[in-house]
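This report concerns only the one structure given below.
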Amino acid sequence: SGATSNGYKSGATSNGDKSGATSNGDNSGATSNGYKSGATSNGYKSGATSNGDNSGATSNGNYSGATSIGDNVHASTVAGGVATAIGKNSKASGKKGAWLVITECDYDEKGIFFIKDLKSVKVDGKKIKEDTVYCLKGGKFVVVV
């Protein structure tokens with residue numbers, strides 16, 4: 001499945017395996033749920049949310065934010081935005097001035113998901129580089145290669 005929305009106060013929602021949602025415009029938002037879902041949002045106050053393993057969320061525009069939840073997920077955003085990645089092997093990236101919020105997660109012996117650590121950092125262009133993908137390992141931000 002897929003959803004596309006364009007307009008001043010637009011929104012898009014997509015549910016299902018291999019789903020995707022795109023929203024363009026002021027005050028826009030996109031939500032996608034599914035196995036290989038992805039959400040992209042462009043606009044003045046845009047936001048994107050994606051849930052599912054191997055999913056990703058990207059948000060472009062002022063006051064934008066992207067949240068991706070699931071194993072092997074990636075969230076990215078622009079300057080002034082927040083990219084939040086929650087799940088095992090989660091990753092985030094952003095432009096200079098963006099905030100990255102990344103978790104370090106695992107599963108216990110019963111297969112129950114738990115968060116080991118959660119940290120945030122601002123992309124400063126020096127210690128944390130823009131357009132570079134980071135994960136959290138041992139409580140430290142590490143570049144994903």
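Only one of these is open to solvent by less than 50 Å² (accessible area, probe 1.4 Å), of a type in the set (A, V, I, L, M, F, W, C) and within 23 Å of V143 (Cα to Cα): V101, V82. Name it.
Unique residue meeting the criteria: V101.
Among K88, K96, which is within 18 Å of D117 (Cα to Cα) and open to solvent by 10 Å² or more (accessible area, probe 1.4 Å)?
So the residue among K88, K96 that is within 18 Å of D117 (Cα to Cα) and open to solvent by 10 Å² or more (accessible area, probe 1.4 Å) is K88.
Do the conditions hold for D131, that is, is it touching a Ser or Thr at 6+ places or on another chain (Cβ under 7 Å), within 25 Å of V143 (Cβ to Cβ) and open to solvent by 30 Å² or more (accessible area, probe 1.4 Å)?
When the stated conditions are applied, D131 passes them.
Yes/no matrix, rows are residues, columns are (1) in contact with a Leu (Cβ under 6 Å, 6 or more places away or on another chain); (2) under 17 Å from V144 (Cα atoms); (3) in a loop (DSSP other than H, G, I, E, B):
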site	(1), (2), (3)
T4	no, no, no
A12	no, no, no
T31	no, no, no
S50	no, no, no
T67	no, no, no
N72	no, yes, yes
A83	yes, yes, no
L100	no, yes, no
T103	yes, yes, no
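In the range 110-126, how many residues are touching a residue at least 12 places away in the same chain (Cβ under 8 Å) and open to solvent by 50 Å² or more (accessible area, probe 1.4 Å)?
The total comes to 8.
Residues in the range 51-69 that are under 10 Å from the mean Cα position of the chain (by Cα) and open to solvent by 10 Å² or more (accessible area, probe 1.4 Å): how many?
6
Does the range 40-50 include one or more residues that are open to solvent by less than 60 Å² (accessible area, probe 1.4 Å), more than 20 Å from A3 (Cα to Cα) and not aliphatic (A, V, I, L, M)?
no
Can you work out which of the residues in the range 14-24 that are of a type in the set (S, T, N, Q) and assigned to a strand (DSSP E or B) is surrounded by the fewest Cβ atoms within 10 Å (Cβ to Cβ)?
Applying the filter and picking the extreme gives N15.
Of G65, G70, G87, G97, which residue is touching a Ser or Thr at 6+ places or on another chain (Cβ under 9 Å) and touching a residue at least 24 places away in the same chain (Cβ under 8 Å)?
The unique qualifying residue is G87.
The values are calculated or read from the model by the stated rules, or taken from the named source; none is laboratory data. Being a predicted model, the structure only gives us computed values, none of them experimental. When we count neighbours, we look across all protein chains shown, and the Cβ atoms used for this are built from the backbone with ideal geometry, even at glycine. These area figures cover heavy atoms from the full protein model, side chains too; ligands, DNA and RNA do not enter into them. Shrake-Rupley method; radii C 1.70, N 1.55, O 1.52, S 1.80 Å.
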